[in-house]
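Down below is the structure, laid out as structure tokens.
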Amino acid sequence: MKVIDTKIPDVKIIEPQVFGDDRGFFMEAWNQNRFEELVTGKPTQFVQDNHSKSIKGVLRGLHYQVAPFAQAKLVRCVVGEVFDVAVDLRTTSPTLGQWVGIKLSAENKRQLWIPEGFAHGFLTLSDTAEFLYKTTEFYSSNSERGIKWDDNTINIDWGVGDSEIVLSEKDKFNSSFNGAELF
Ligand SMILES: Cc1cn([C@H]2C[C@H](O)[C@@H](COP(=O)(O)OP(=O)(O)O[C@H]3O[C@H](C)C(=O)[C@H](O)[C@H]3O)O2)c(=O)[nH]c1=O
């Protein structure tokens, strides 16, 4: 397992070791000891596994839960490809308002570690994409918050125009960054 830094120090790219042979491949998608040793450096417990399927152009996000239900997430794409984004919402962080974007795919098998204090979202690049992620806190609908995918303060380069984006009704009414509840 290789851990790669991003421009936001606490957000890490993880490349699991993949064992390929003439049957296909095997990899440990998550190993508690290795993850705590190489990624977080502390005890890290996940309590929920999520799985979503999206068609091309679907953008889910930017979402987060506020305290006491703030979630850290370990995310990966197991079918197709997505452009995955984390946005720093920590008021004491030197990278507040900055974002990290990475392509996650069934092909590259990369994972992204997104600590508490970040908004998260992804854009579906392939015809369909299936997205799996572990969270460190349970879902709490009352604690859910959303920031507009095209907020002009954060200014994420999604690589597509507005016309190609498919949003949930909820995501059409997300907050601006400047109006958002931060950490
Ligand atoms: C997130 C979640 C949702 N739900 C229910 C609530 C709705 O009835 C239905 C769809 O929820 P939603 O439209 O919020 O799903 P996404 O747009 O994929 O939301 C996710 O999008 C981005 C990518 C995230 O990082 C978050 O984990 C999460 O907010 O599933 C649950 O029952 N449990 C859950 O943990």
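The values are calculated or read from the model by the stated rules, or taken from the named source; none is laboratory data. Quantities reported herein were computed from a predicted structural model and do not represent experimental measurements. Ideal geometry is used to build each Cβ from the backbone, glycine not excepted, and the neighbour counts take in all protein chains shown. The area values use the complete protein model at the heavy-atom level, side chains included, leaving out ligands, DNA and RNA. Shrake-Rupley method; radii C 1.70, N 1.55, O 1.52, S 1.80 Å.
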Ile4-Lys53 pseudo-label distance in nm [points 7 Å out on the Cα-to-Cβ vector]: 2.9 nm
Fluctuation leader among Glu169, Glu107, Glu130 - the chain, Gaussian network, Cα springs under 10 angstrom: Glu169
In nm, spacing of pseudo-spin labels at Asn155 and Val66 (7 Å Cα→C-beta vector): 2.7 nm
Shape call, the chain: gyration tensor on alpha carbons, a/c limit 1.5: oblate
Zone residues, segment 1-21, relative to Thr44, backbone N less than 20 Å from point 7 Å out along Cα-to-Cβ: 1-18
Per-residue SASA entry for Arg90, accessible area with 1.4 Å probe, Å² rounded to 10: 50 Å²
Solvent-accessible area of Phe138 with every protein chain in place, 1.4 Å probe, in Å² to the nearest 10: 110 Å²
Residue-level accessible surface for Val3, protein heavy atoms, 1.4 Å, Å²: 50 Å²
Carbon + sulfur, % of accessible area of segment 47-173 - ligands and nucleic acids excluded, 1.4 Å: 49 percent
Entries in Lys12/Lys56; Lys2/Lys172; Lys73/Lys170; Lys12/Lys53; Lys42/Lys170 that, when Cα-Cα distance is taken, lie over 30 Å: Lys2/Lys172; Lys42/Lys170
Length released on extending from Ser175 to Gln32, taking residue separation times 0.36 nm less the Cα-Cα span: 48.0 nm
At most 13 other Cβ within 10 Å, DSSP loop - GluC sites (Glu not before Pro), segment 17-58: Glu28
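How large is the accessible surface per residue of the chain, computed with a 1.4 Å probe and reported in Å² as a whole number? Let's see the in-between values first.
On the way: 9580 Å² over 183 residues.
With all protein chains present, the chain gives 52 Å² per residue.
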Sites Asp21 and Asp127, calculated FRET efficiency, Cβ-Cβ separation with R0 25 Å, nearest 0.05: 0.30
